[in-house]
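Step one of this worksheet: look at the structure below.
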Amino acid sequence: MNQLLFEGRSLVGIVSSIIRQDDLRVVHSRLDWERMFRLADFHKVANIVYLGVLGHGDALPDRWREHFFQRYQESLLFGENCKEMTKEILTWLDMREISCVVLTYEYVRDFYKLPEMAANSPVQILLDDENYTLAKGYLIDLGYETDQIYKGWGERLKKVPGVSVILYHTLPFRTAKYQKGMTKLLESSCLKEPYDYIRMFPAESEFIFRMAVAAYHYVEDALTIREVMDLLLCHIQWRDDLNMEAVQKKLAEFQVDELSNKILRIAYMWFGDKKDSYFTNQPEDMAVYDVLEDRLLTKGIINHESDTQAIRLQNLIQKEINKEQRQESRELWKEKLARRFSKVTKKLRWMFPDFHYMSSIYPSVEKLPVLLPVFWILRDIRLLFRMFLRP
């Protein structure tokens, strides 16, 4: 088995054993724990892995045990501060009559059996350009610092206790289909009590949002195990109240209804209760799920994609990336041309000064402006002689 795939499946096994409260069946001695930590950190599940290896003595080297423990501590600290700080931010925005939509909220933490299993997932807030600047300024005054910039979309700001917030001024999706679908989905957001200007998705709309985002991240090879797990927990929590026919119809507008359902099924395969009968029918072709799992666990290094929706979306995203790169190339070319033109203009101004400057040096020019070209030539000849005669 490919080493990357082995490590990915081992990671899923460790996390699944904690989520399901099963016996751990991972051969620790075969694992490269440095690589496992980096993989777990990418997938935002290092705090769960720490819980999974607590009772396995010397299997985990002290150095990497400390790294996992650090992520576990960060999760505990985040849990202690996130609700209070999130409330503080939203209250400030509301008091200043700043309208915004909260795309994802921290209450998903409550769906985990143990609070320390939850992720340090930042609250995501969408604002218009003007309010984006105001909100960012306020967060900086509170001690937040820019942790990551999402070029063209927004940025993530983080504070020392581990709480972070993502501010968007533009929805972070490249394709027109996604922009249109998400804009339409935003119309379903409603005011959240006790606020007057803060809007949030109802459960069904947020589930559609999470499903569409999971599909988008999957084709970008950026989908994490944490996102898959959060998707599962949201579905389990809300599924009795969801109109799945309406959900599928909305996802079909994004053209990811089949792909997102495969991701949801994978989530149930990995972390769902074995007694849960939500997916009663065994898929006819399990090979498509192997392809999806291989790609997800290896971050796209093993990619034998066969899903038509995934291929179509990936091509559309790549098309937009190519368009952006061409636009950037044109902008760079224009900047380079402007710099060259500026240099040539400066040289010409030095060689052929304006009328007022020449009049101050050669009074005859002021009396007979027609002689200006003659005195340009005389001045340039004098300067050349000085250059040649200089020792």
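The values are calculated or read from the model by the stated rules, or taken from the named source; none is laboratory data. None of the values given here were measured: they were computed from a predicted structure. With ideal geometry, Cβ positions are generated from the backbone for all residues, glycine too; neighbour counts draw on all protein chains shown. Please note that ligands, DNA and RNA were not included when accessible areas were found on the heavy atoms of the full protein model with its side chains. Shrake-Rupley method; radii C 1.70, N 1.55, O 1.52, S 1.80 Å.
Remarks
- Correct option for Rg and Dmax of the Cα atoms in Å [calculated from the coordinates] among (i) 21.7, 79; (ii) 20.5, 73; (iii) 29.8, 103: (iii)
- The ellipsoid equivalent to the alpha-carbon distribution of segment 175-241 has semi-axes of 22, 17, 10 angstrom, derived from the gyration tensor eigenvalues as √(5λ) and listed largest first.
- Cross-link pairs 159/319; 44/159; 151/177 - those with Cα-Cα distance over 26 Å: 159/319
- Sequence-distant aspartates and glutamates (8 or more away, or on other chains) whose Cα lies within less than 19 Å of residue 87: 97, 106, 110, 141, 145, 193, 196
- Scanning the chain for trypsin sites (Lys or Arg not before Pro) that sit in a DSSP loop and have at most 13 other Cβ atoms within 10 Å, the longest stretch containing none of them is 276-391.
- Residue 333 paired with residue 364, simple spin-label distance in nm, labels 7 Å along Cα-to-beta-carbon: 4.9 nm
- Exposure here means at most 14 other Cβ atoms within 10 Å; with chymotrypsin sites (Phe, Trp or Tyr not before Pro) in a DSSP loop as sites, the longest stretch of the chain lacking them is 1-277.
- Anisotropy class of segment 329-391 from Cα gyration tensor, a/c 1.5 cut: oblate
- Ranking by accessible area, most exposed first, for 320, 66 with a 1.4 Å probe: 66, 320
- Compactness of segment 42-193 is given as radius of gyration and Dmax, 17.7, 56 Å, from Cα positions.
- Annotation for residue 142 and residue 277: the two label points, set 7 Å from Cα along the Cα-Cβ direction, are 4.7 nm apart.
- Helix 3-20 vs. the chain, principal-axis angle (Cα, 0 to 90°, nearest 10): 50 degrees
- Residue-normalised accessible area of the chain, given per residue in Å² at a 1.4 Å probe: 56 Å²
- Spread over its residues, the convex hull of the C-alpha atoms of segment 233-391 is 296 Å³ per residue.
- Bridging of residue 250 to aspartates and glutamates at a Cα separation below 15 Å is possible for 187, 204, 206, 258, once same-chain residues fewer than 8 apart are set aside.
- Of all lysines in the structure, those lying under 25 Å Cα to Cα from residue 275, and not within fewer than 8 positions of it along the same chain, are 113, 262.
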